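Here the structure comes first, spelled out in structure tokens, and everything after it is commentary.
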């Protein structure tokens with residue numbers, strides 16, 4: 001895994017709450033500037049290819065909230081990933097399981113309104129976790145401050161999975 | 001990625017899906033989650049005389065391998081004592097289901113679920129013994 005700072009690549013402050021249109025604008029600019037077709041010499045082209053890869057990799061990290069949070073933890077020397085992070089607390093897992101059960105019921109009964117209600121509750125929970133990450137991962141926030149909220153990163157992955165399921169159900173009920 | 005026949009079989013006909021009464025003192029509930037993929041798994045055991053697992057139920061929200069791993073786990077632990085059930089290792093599940101390397105964490109989840117159900121049952125028993 002590369003330890004290159006994706007925020008530095010984009011010239012953006014290392015914050016969790018990035019501005020997505022701004023991110024896309026910088027990506028377009030950087031991609032144009034480093035496009036290998038713009039370089040004449042073969043040595044220069046090799047550099048440009050590497051630089052283009054760096055830009056794309058940074059974009060892949062920065063636009064994904066989970067990867068972005070992981071990068072901000074890693075920049076503080078905090079390891080992430082399933083075996084490095086604390087196990088989700090039982091109360092949280094119980095809640096997720098109950099929500100998944102409700103979602104499965106709503107799917108079986110084709111209850112679109114209930115699916116939407118569950119979706120909106122989950123989006124609120126996701127926003128709450130994102131707000132906690134924003135506060136804990138501000139530029140200058142210490143590793144200890146960040147680590148106190150690493151649980152919010154774990155939560156985010158469960159919310160994402162739930163919302164993927166929701167969008168699959170919406171497609172199914174529409175189709 | 002292709003699932004093995006055994007995984008498909010368990011996914012299509014999962015054994016012991018359901019719920020046991022969480023409040024029952026003879027029931028242990030294990031709840032585990034895999035943050036990497038957002039899977040959640042609940043495994044429950046009903047323990048009778050001599051510490052024998054009389055019944056086991058599970059509910060898993062996750063991929064086919066996670067469902068198959070928990071389905072197989074409940075099949076295996078029924079009729080065993082909790083001490084025997086505790087010795088089940090995730091590699092046993094991997095071998096039985098031919099799980100590919102990327103799905104090994106599903107079997108780890110099932111092993112953790114068994115252990116967490118047993119721990120919950122023991123904690124309940126200890127609390128009751130103390131209350132007496």
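The values are calculated or read from the model by the stated rules, or taken from the named source; none is laboratory data. All values derive from a computational prediction rather than experimental measurement. Note that each Cβ is placed from the backbone with ideal geometry, even for glycine, and that neighbours are counted across all protein chains shown.
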Quickly run through region A:153-171 and pick out the residues that are crowded, with 18+ Cβ neighbours inside 10 Å and free of Cβ contacts under 8 Å to residues at least 24 places away in the same chain. A:161
Looking at A:146, A:135, A:121, A:131, which one is part of a helix (DSSP H, G or I), modelled with pLDDT of 95 or more and crowded, with 18+ Cβ neighbours inside 10 Å? A:146
I want to confirm something. Restricting to region B:1-15 and keeping residues that are without any contact (Cβ under 8 Å) to a residue 24 or more places away in the chain and over 23 Å from residue A:104 (Cβ atoms), which single residue is nearest to the other protein chains (Cβ to nearest Cβ)? B:2
Could you give me the residue pairs with C-beta distances under 7 Å whose first residue belongs to region B:16-40 and is more than 10 Å from chain A (Cβ to nearest Cβ) and modelled with pLDDT under 95, whose second residue is in a loop (DSSP other than H, G, I, E, B) and surrounded by fewer than 16 Cβ atoms within 10 Å (Cβ to Cβ) wherever it lies, and which are 6+ apart or on separate chains? none
All positions within region B:98-120 that are in contact with a helix residue (DSSP H, G or I) (Cβ under 7 Å, 6 or more places away or on another chain) and under 23 Å from residue B:81 (Cβ atoms): B:107, B:108, B:109, B:110, B:111, B:113, B:114, B:118
Within region A:95-119, take every residue that is touching a residue at least 40 places away in the same chain (Cβ under 8 Å) and at the interface with chain B (Cβ under 10 Å from one of its Cβ atoms) and give me the one that is farthest from the chain's Cα centre (by Cα). A:103
Among the residues that make up region A:62-75, is at least one of them assigned to a loop (DSSP other than H, G, I, E, B), touching a residue at least 60 places away in the same chain (Cβ under 8 Å) and within 17 Å of residue A:18 (Cβ to Cβ)? yes
Name every residue in region B:42-91 that is within 13 Å of chain A (Cβ to nearest Cβ) and part of a loop (DSSP other than H, G, I, E, B), in order of residue number. B:62, B:63
Only one of A:87, A:110 is in contact with a strand residue (DSSP E or B) (Cβ under 9 Å, 6 or more places away or on another chain) and assigned to a loop (DSSP other than H, G, I, E, B), namely A:87
From A:43, A:48, A:58, which residue is crowded, with 19+ Cβ neighbours inside 10 Å, outside any loop (DSSP other than H, G, I, E, B) and not assigned by TED's automatic domain parsing to the domain that holds residue A:131? A:58
Residue under question is residue A:80, and the condition is that it be at pLDDT below 95, in contact with a helix residue (DSSP H, G or I) (Cβ under 8 Å, 6 or more places away or on another chain), at the interface with another protein chain (Cβ under 10 Å from one of its Cβ atoms) and within 27 Å of residue A:27 (Cβ to Cβ); does it hold? yes
Report the residue count in region B:82-97 for those that are surrounded by 14 or more Cβ atoms within 10 Å (Cβ to Cβ) and in contact with a helix residue (DSSP H, G or I) (Cβ under 7 Å, 6 or more places away or on another chain). 9
